[in-house]
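Structure first, then comments.
The values are calculated or read from the model by the stated rules, or taken from the named source; none is laboratory data. Please read these numbers as outputs of a predicted model, since none were measured by experiment. Don't worry about glycine lacking a Cβ; one is built from the backbone with ideal geometry, like all the others, and counts go over all protein chains shown. When the accessible area is computed, the model is the full protein with side chains, heavy atoms only, and any ligands, DNA or RNA have been set aside. Shrake-Rupley method; radii C 1.70, N 1.55, O 1.52, S 1.80 Å.
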Amino acid sequence: QVQLVESGGGLVQAGGSLRLSCAASGRIFSSYVMGWFRQAPGKEREFVADIRWTGGSTNYADSVKGRFTISRDTAKNTVYLQMNSLKPEDTAVYYCAAALRNAYGDSRLYAYWGQGTQVTVSS
């Protein structure tokens, strides 16, 4: 069993930055993939980025490439999402999730989820 707790959300002006953190408790196996998803009001949950726990390879949604960076600190069991050049359309609840293996950005394949943290970008 893995528990995930996100933090770092808030209100920021367009062009600003935020860093989200996801603290994981429980056993993180080497095959795990950690992902960030987001859900805006009235929209479906969408993939943002993921990172392999071992090796650190990453994938990003086209909408955030070049602006967001996902990273992890294996010693602290924590995953980060650095968000720069934020836009109003980035406004959403951001969720951290863990998949037992590569999930190719498919939320249905993620086994564990955090409670979410609100990010609001004002224009």
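Miscellaneous remarks
- The length gained on full extension between Ala111 and Arg19, counted as 0.36 nm times the residue separation minus their Cα-Cα distance, comes to 30.8 nm.
- Label zone at Gln82 (point 7 Å along Cα-to-Cβ), backbone N below 18 Å, the stretch 47-65: 49-52, 56-61, 64-65
- Relative packing of 111-119, 79-87, which averages over residues the other C-beta atoms within 10 Å, highest first: 79-87, 111-119
- The apolar share of the surface of the chain, taken as the fraction of accessible area on carbon and sulfur atoms (1.4 Å probe, ligands and nucleic acids excluded), comes to 46 percent.
- Accessible area per residue in Å² at 1.4 Å probe, computed on the chain: 51 Å²
- Taking only the C-alpha atoms of the chain, Rg followed by Dmax gives 13.3, 41 Å.
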